Amino acid sequence: MNKGEIEQSLITMLKELQAGAGEPAYEVTPATVPLKDLGFFDSLLALETTITLEERYGTSFNADSIFTDKESCEPLTVSQIAERIIKVQGAGA
């Protein structure tokens, strides 16, 4: 998968979680920072979603959450998360 496809997959997943949480629709884009911009998306859901993404992409991210930067602990955008997934998949190839 390329970056755009992974971004769309992440956006779809976040929209499904948003609908399931009964939250009002918020436009999710590659610039969205799930942990800041989506009120329902907390650190626990980030951990659970990271596990789901590991299963979906058949890889291990070697992090509790792919939604934050390992070093700075700053929340990441959808685009940055997609880049991390590509990097991890490339390392495992």
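Values in this text are rule-based calculations from the coordinates and carry no lab data. Fair warning: this is a prediction, and the values are worked out from it, not measured in the lab. Here the Cβ is made from the backbone with ideal geometry for all residues, glycine too, and neighbour counts use every protein chain on show.
Things to note:
- Normalised by the number of residues in the chain, the mean separation of alpha-carbon contacts (under 8 Å, six or more apart) gives a relative contact order of 33 percent.
- Taken over the chain, the convex hull of the Cα atoms encloses 86 Å³ per residue.
- Bridging of Lys87 to aspartates and glutamates at a Cα separation below 20 Å is possible for Glu5, Glu7, Glu54, Glu55, Asp64, Asp69, Glu71, Glu74, once same-chain residues fewer than 8 apart are set aside.
- Rounded to 0.05, the FRET efficiency of the Glu23 and Ala63 pair, given R0 = 22 Å and the Cβ-Cβ distance, is 0.30.
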